[in-house]
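The values are calculated or read from the model by the stated rules, or taken from the named source; none is laboratory data. Owing to the predicted nature of the structure, the values given are computational and were not obtained by experimental measurement. Glycine also receives a Cβ, built like all others from the backbone with ideal geometry; neighbour counts cover every protein chain displayed. Calculation scope for accessible area: heavy atoms of the full protein, side chains included, ligands and nucleic acids excluded. Shrake-Rupley method; radii C 1.70, N 1.55, O 1.52, S 1.80 Å.
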Amino acid sequence: MKRFPALILVASLSAGCSSLSLDSLNPFSGPSKGKVPPLGVIQPTAQLAEVWRYGVGQSENFVFVPAVVGGTVYAASRDGVIARLDDGRLIWKINAGKSLSGGVGASDKLVVVGTEKGEVLAFGTDGKPRWQATVTSEVLAPPEVSDDMVFVRSADSRIQAFAAADGARKWNYQRANPALTLRTHAGLISTPSLVIAGFPGGKLVAINRSNGSTMWESNVALPKGATELERIADVTSPPVLAGREVCAAAFQGRVACFELSSGNVVWSRDISSGAGIDVDTQNLYVSDDKGAVHALDRATGASLWKQDKLARRGPGRPLAVGAYIAVSDVEGIVHLLQRENGAFAARLNGDGSSIDAAMQAYGRAFIAQTRAGSVRALSAR
């Protein structure tokens, strides 16, 4: 029940396959609030407060994940606006001159966004244009930006690398896709030597950062079923680094952790998730497709607790925030759960629109961007 754009069935000429949104597979998803069950009363044991707020503009049917670099937040909207906020203070706001289709990637030197026409637009942290490149399909995921390279994933599941200095193309990674895939905004992550991404069909792949070659490939899920719809088992959220391991989740599949060096499976659990996962020093947290939030032991995958009072409310990707786990729902309400047992600690209403983008850590606070365009810094204590 994660919030994604409404049903979109798109023929991909380059890949020879079709894609649809995750919402189309859930009969309870969508904008109708009449189907969302009411929340029970809680006794708050923590304080969840808004530190600052800025209105960047609407996302429409796209997902705009904000980027956090230290105390700086970069946020974008569908109409092309990109804003830099330092500790909540607007430093600059520009219009890219094009409609944007995905969230922001940023470093301390570069800010990068993408369009549905496959244009990659790079700006300096002063808001001035640096370079422009083109990829093979629309850019739905935030680019991964490092000091020397920019990695862009396009909707046809290709990953292309560009030099951060001038946008020169370095390599292109592509693979065959199943006949039917989910249209998602799942991004990727990088280490000093690897780029790691999940793919349709349940694959998790580690790519050589310097030349685009495959280092290892593992299964987060294995497609099964009689129809193409039943066989969808896509990784629809970014993987997460956990020390010497990398963990990922798949829709109609599993949650699993793998050795970062080899891709060997450390453990796996049969939990379907389109929302995604987060980790802290001890646990892994995941929202499943029925609306329950789980805490699993990071070392073994054993269940620690399960919070199922958000069923049919579409909880998003959990975010570990100190002693709490923050998770949003389909109405844009942010909930704090106790880290040790999953009990509700606090909740905070938003602007009435959903928080489709994964919330981002922001020092001791976190950032949430709503579909209506509110970018909020929230603190939990």
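Only residues that are more than 15 Å from residue 169 (Cα to Cα), in a strand (DSSP E or B), in contact with a Gly (Cβ under 8 Å, 6 or more places away or on another chain) and among the hydrophobic types (A, V, I, L, M, F, W, C) were counted across region 113-151, and they come to 1.
Residue-by-condition table, conditions (1) touching a residue at least 40 places away in the same chain (Cβ under 8 Å); (2) within 19 Å of residue 184 (Cβ to Cβ):
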residue: 92; (1), (2): no, no
residue: 101; (1), (2): no, yes
residue: 126; (1), (2): no, no
residue: 131; (1), (2): no, no
residue: 135; (1), (2): no, yes
residue: 144; (1), (2): yes, yes
residue: 163; (1), (2): no, no
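Within region 251-271, the residues that satisfy the criterion of being of a type outside the set (D, E, K, R), in a loop (DSSP other than H, G, I, E, B) and modelled with pLDDT of 95 or more are 260, 261, 262, 263, 264, 271. Among the residues in region 201-223, are any over 30 Å from residue 312 (Cβ atoms) and among the aromatic types (Phe, Trp, Tyr)? Within region 201-223, one or more residues are over 30 Å from residue 312 (Cβ atoms) and among the aromatic types (Phe, Trp, Tyr).
Quick one: would you say residue 343 is more than 25 Å from residue 65 (Cβ to Cβ), open to solvent by 10 Å² or more (accessible area, probe 1.4 Å), in contact with a Leu (Cβ under 8 Å, 6 or more places away or on another chain) and modelled with pLDDT of 95 or more?
Details: more than 25 Å from residue 65 (Cβ to Cβ): yes; open to solvent by 10 Å² or more (accessible area, probe 1.4 Å): yes; in contact with a Leu (Cβ under 8 Å, 6 or more places away or on another chain): yes; modelled with pLDDT of 95 or more: yes.
It is true that residue 343 is more than 25 Å from residue 65 (Cβ to Cβ), open to solvent by 10 Å² or more (accessible area, probe 1.4 Å), in contact with a Leu (Cβ under 8 Å, 6 or more places away or on another chain) and modelled with pLDDT of 95 or more.
Yes/no matrix, rows are residues, columns are (1) farther than 16 Å from residue 205 by Cα; (2) not polar (S, T, N, Q):
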{"position": "230", "(1), (2)": "yes, yes"}
{"position": "255", "(1), (2)": "no, yes"}
{"position": "261", "(1), (2)": "no, no"}
{"position": "265", "(1), (2)": "no, yes"}
{"position": "275", "(1), (2)": "yes, yes"}
{"position": "310", "(1), (2)": "yes, yes"}
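With the structure loaded, tell me whether residue 282 is closer than 28 Å to residue 219 by Cα, at pLDDT 95 or above and buried (at least 22 other Cβ atoms within 10 Å of the Cβ) or whether it fails that test. Here the answer is no, as residue 282 does not meet what is asked. Contact map, region 351-365: residues that are closer than 12 Å to residue 276 by Cβ paired with residues that are open to solvent by 50 Å² or more (accessible area, probe 1.4 Å) and not basic (Lys, Arg), Cβ distance under 8 Å, separation 6+ or inter-chain. Pairs shown: 358/238.
List the strands (runs of 3 or more DSSP E) that sit entirely inside region 52-109 and contain at least 2 residues that are farther than 14 Å from residue 122 by Cα and open to solvent by less than 20 Å² (accessible area, probe 1.4 Å). Counting at least 2 such residues, we get 72-76.
Filter region 346-381 for residues that are touching a Ser or Thr at 6+ places or on another chain (Cβ under 7 Å), surrounded by fewer than 23 Cβ atoms within 10 Å (Cβ to Cβ) and in a strand (DSSP E or B) and give the result. Residue satisfying the conditions is 365 alone.
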